[in-house]
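J.: Mind looking over this structure? Questions follow.
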Amino acid sequence: MSDTPTIQDIQRRTNRLMNYEDGFWDLLLGTVFMLLAVYPITRAWLGPIWNLGLFIGLMVVALAAQTLLRRAFALPRLGYAKGQRSPKLKVLLVVTVGLVILTFGFVLLTLLDNGRLSTLANSTEPFWLRKFLVDILVVPVMVGIFSAMGYLFGVARLYLYGWLLGLSNLAAAIIYDGAPEGFNVPLGTAAGIILAIGATLLVRFLRKYPVQMMDI
Amino acid sequence: MSSQPSPEGLNQLSDVDRIVHEPARLMILLILSTVEEADFVFLLNTSELTWGNLSSHVGKLEEAGYVEVEKGFVGKKPRTLARLTPEGRQAVEDYRRTMQAALGPASEVSK
């Protein structure tokens, strides 16, 4: 123990080790947004309803895979810890999950939008504001959500993810002039960066934390 | 201008719980205060202590009644879980109050 940590540092480190050290969370996040980037392509094949069903199904599979892979690879190396069930943490968890769902909802909304949402803006506003209002609003929402998570859990890269995902969504709206019809390149690029970070973290994690055979 | 610790607060330093006051044990207690329970591998990785140190300090905390240790198995692999007892949580809280009273709001040493 070279530096003297504060109580907050210890709590953040504990939360970080429990959830963000192994890179699996980043891989899950990158996978979900890559699915969103591919969404327009599969929508053209399957239609909107089946496509939404496929998307939700694949998200469930991704979540199950992440849970199983964490159990198989991360737990034997990192150890087991059960988070506290204090009322404060429960509220935090509910708010976090709610905000994450809201984020996905926003992004899906912009993917499915056919220009109808721009009518929400006042007709006296500039044209670009009317056209991209929802996409512009997604940016501070994403940045806010991920920054809050980054601050609470002491995970610096979450600040980057907020900007990456918010700006990529806006860039896609500008480039494709509304909902894309093929692969969403900006969103796919952001997802690719997150996947690359997740993979790097996983490799580093596997090297840094050997499987612990000992027990006391 | 930093504020000075109060004489009354400094006197309380003599009453500080020396079981908690040891840095490694304080680290273990603070980690356990963040979770409901954790196994020794997690404590090892979070505290960055060695196995020997960890075992020794957890043993002292268990003797003092601040930590509860439960030995079990996951499949065929042994797993030892540790969790704070109510007395342990109270001890951490008392320690925090004692140190706050002793040191006051000052976090810097006057030059």
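The values are calculated or read from the model by the stated rules, or taken from the named source; none is laboratory data. The structure presented is a predicted model; accordingly, all values stated were derived computationally and were not measured. Don't worry about glycine lacking a Cβ; one is built from the backbone with ideal geometry, like all the others, and counts go over all protein chains shown. These area figures cover heavy atoms from the full protein model, side chains too; ligands, DNA and RNA do not enter into them. Shrake-Rupley method; radii C 1.70, N 1.55, O 1.52, S 1.80 Å.
J.: Going through region A:145-163 one residue at a time, which ones are in a helix (DSSP H, G or I) and open to solvent by 40 Å² or more (accessible area, probe 1.4 Å)? Spell out how you get there, then give the answer.
T.: Initially, region A:145-163 is screened for residues in a helix (DSSP H, G or I), giving A:145-153, A:157-163.
The answer is A:148, A:151, A:152, A:157, A:159, A:160, A:163.
J.: Any residue in region A:78-95 that is within 12 Å of chain B (Cβ to nearest Cβ) sitting within a Cβ distance under 6 Å of a residue that is open to solvent by 50 Å² or more (accessible area, probe 1.4 Å) and at pLDDT 75 or above? List the pairs, counting only those 6 or more apart or interchain.
T.: What qualifies is A:82/B:36; A:84/B:36.
J.: Inspect region A:47-58 for any residue being out of contact with any helix residue (DSSP H, G or I) (no Cβ under 9 Å at 6 or more places or on another chain), of a type outside the set (Phe, Trp, Tyr) and assigned to a loop (DSSP other than H, G, I, E, B) and give the result as yes or no.
T.: Filtering region A:47-58 down to residues out of contact with any helix residue (DSSP H, G or I) (no Cβ under 9 Å at 6 or more places or on another chain) leaves A:47, A:49, A:56-57.
Now drop any that are not of a type outside the set (Phe, Trp, Tyr), which leaves A:47, A:49, A:56-57.
Narrowing further to those that are assigned to a loop (DSSP other than H, G, I, E, B): A:47.
The answer is yes; a qualifying residue exists.
J.: Among the residues of region A:39-58, is there at least one that is among the aliphatic types (A, V, I, L, M), open to solvent by 10 Å² or more (accessible area, probe 1.4 Å), more than 14 Å from chain B (Cβ to nearest Cβ) and touching a residue at least 60 places away in the same chain (Cβ under 8 Å)? Before you say what the answer is, go through the steps one by one.
T.: Applying the first criterion (among the aliphatic types (A, V, I, L, M)) to region A:39-58 yields A:41, A:44, A:46, A:49, A:52, A:54, A:56, A:58.
Pick out the ones that are also open to solvent by 10 Å² or more (accessible area, probe 1.4 Å) and you get A:41, A:44, A:46, A:49, A:52, A:54, A:56, A:58.
Next, from what is left, pick out any that are more than 14 Å from chain B (Cβ to nearest Cβ): A:41, A:44, A:46, A:49, A:52, A:54, A:56, A:58.
Imposing the further condition that a residue be touching a residue at least 60 places away in the same chain (Cβ under 8 Å) reduces the set to A:41, A:44.
Checking region A:39-58: at least one residue is among the aliphatic types (A, V, I, L, M), open to solvent by 10 Å² or more (accessible area, probe 1.4 Å), more than 14 Å from chain B (Cβ to nearest Cβ) and touching a residue at least 60 places away in the same chain (Cβ under 8 Å).
J.: Output the helices (runs of 4 or more DSSP H) that fall wholly within region B:16-89 and possess 1 or more residues being surrounded by fewer than 16 Cβ atoms within 10 Å (Cβ to Cβ) and either in contact with a His (Cβ under 8 Å, 6 or more places away or on another chain) or more than 8 Å from every other protein chain (Cβ to nearest Cβ) (or both), or say none. Walk me through how you get there before you give the answer.
T.: Numbers: elements: B:18-21, B:23-34, B:40-47, B:51-63.
Helices (runs of 4 or more DSSP H) meeting the threshold: B:18-21, B:51-63.
J.: Hey, residue A:139 hits all of (1) within 16 Å of residue A:26 (Cβ to Cβ); (2) of a type outside the set (Asp, Glu); (3) open to solvent by less than 40 Å² (accessible area, probe 1.4 Å) but one; which does it fall short on?
T.: (1)
J.: Another one. So which pairs qualify, if the first residue must be in region B:52-71 and of a type in the set (D, E, K, R), the second must be assigned to a helix (DSSP H, G or I), the Cβ gap must be under 7 Å, and the two must be at least 6 apart or on different chains?
T.: Pairs found: B:60/B:19; B:60/B:25.
J.: Another one. For region B:1-32, what are the residues that are among the β-branched types (Val, Ile, Thr) and modelled with pLDDT of 90 or more?
T.: So the first thing to find is which residues in region B:1-32 are among the β-branched types (Val, Ile, Thr), and the list is B:16, B:19-20, B:28, B:31.
Once the filter is applied, which keeps residues that are among the β-branched types (Val, Ile, Thr) and modelled with pLDDT of 90 or more, region B:1-32 yields B:19, B:20, B:28, B:31.
J.: A follow-up question, please. Can you name every residue in region A:171-186 that is crowded, with 17+ Cβ neighbours inside 10 Å, part of a helix (DSSP H, G or I) and either more than 16 Å from the chain's Cα centre (by Cα) or of a type in the set (D, E, K, R) (or both)?
T.: We begin by selecting, within region A:171-186, every residue crowded, with 17+ Cβ neighbours inside 10 Å; these are A:171-173, A:178-180, A:184, A:186.
After this cut, where a residue has to be part of a helix (DSSP H, G or I) as well, the list is A:171-173, A:186.
Hits for region A:171-186 are A:171, A:172, A:173.
J.: Residue A:190 versus (1) in contact with a Phe, Trp or Tyr (Cβ under 7 Å, 6 or more places away or on another chain); (2) without any contact (Cβ under 8 Å) to a residue 12 or more places away in the chain: which is the lone unmet condition?
T.: If we test residue A:190 against (1) in contact with a Phe, Trp or Tyr (Cβ under 7 Å, 6 or more places away or on another chain); (2) without any contact (Cβ under 8 Å) to a residue 12 or more places away in the chain, just (2) comes out false.
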